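Here's the structure, in structure tokens; my notes come after.
What follows draws every value from the coordinates through simple rules; no lab data is involved. Remember, predicted model here, so these are calculated numbers, not experimental data. Reconstructed Cβ throughout: ideal geometry from the backbone, glycine too, with neighbour counts over all protein chains shown.
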Amino acid sequence: MRSTLAFVAAVLGAAIVLVWLIARIRRALAGLRARRRGRRAVRGEIEAERLLVRAGFRVRERQVPLVFPIVCDGEELPIALRADILAERDGRRYVVEVKTGEAAPRLDTAATRRQLLEYLVAYRVHGVLLVDADRGAVHEVEFPVGERYSGSR
């Protein structure tokens, strides 16, 4: 009986150590992936600036913070935003979002579309630019809003 109890305790102890070890490895891998993503994003923003200058834009600001107040039922909710770049060309101001990877730079990705539209409204600029840093492309994205929209349901 005593040896069975010792065996169960040993197996249970080993299982606890194994679970703890797996959790530590997963955290370490997640941190590694996050650092890799961060380095890739920084490289993407550096490349984006080169692409913008080549396309005739002037980079005005980088990592531009903005608190955008949304009001719901009379109650204000401040939303913190941070645009990658504010640029200008021919007297027109643009908010620039830099994306890397497969899905993020695509306009059929809902999160990217919503982010660009939110930036257009919040930063009160003439337009938005989506830079696909991996493919070396600068896209001007237009949203038919306000008087520019005459569509029907």
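Determine the calculated [θ] at 222 nm for the chain from helices alone, applying -39500 (n - 2.57) to every DSSP H run no shorter than 4 residues and normalising by the residue count; nearest 500 deg cm²/dmol.
Details: 2 runs with 67 residues, N = 153.
Theoretical 222 nm ellipticity from helices: -16000 deg cm²/dmol.
Kindly list the residues of region 90-132 that lie in the label zone of residue 64, defined by a backbone N under 12 Å from the point 7 Å along the Cα-to-C-beta vector.
It comes to 92-97, 119-129, nothing else.
Any chance you could run the full-extension gain for residue 117 through residue 142? It's 0.36 nm times the residue separation minus the Cα-Cα distance, nm to one decimal.
Going from the current span to full extension adds 8.1 nm.
Under 1.5 on a/c is rounded, so check that first for the chain, then, if it is not, pick prolate when a/b is larger than b/c and oblate when it is not; a ≥ b ≥ c are the square roots of the alpha carbon gyration tensor eigenvalues.
Here the chain falls in the prolate category.
What distance in nm lies between label points placed 7 Å from Cα along the C-beta direction at residue 79 and residue 28?
4.0
Which one of 137, 23, 80 has the biggest mean-square fluctuation once the chain is modelled by GNM with Cα springs under 10 Å?
Maximum among the listed residues: 23.
Give me 64, 11 sorted ascending by neighbouring Cβ count inside 10 Å, so fewest comes first. Don't jump to the answer; show the numbers that get you there.
Numbers: 64 16, 11 10.
In increasing order of surrounding Cβ atoms, one gets 11, 64.
Quote the relative contact order of the chain in percent (integer), defining contacts as alpha-carbon pairs under 8 Å separated by 6+ residues.
Relative contact order, the chain: 17 percent.
Which of the GluC sites (Glu not before Pro) across region 1-108 are loop residues per DSSP, with 12 or fewer other Cβ within 10 Å?
Sparse-neighbourhood loop GluC sites (Glu not before Pro): 102.
Residues with amide H under 5 Å of residue 60's amide H, sequence separation 5 or more or different chain, H placed in the peptide plane at 1.01 Å from N; which?
Long-range HN contacts for residue 60: 86, 87, 88.
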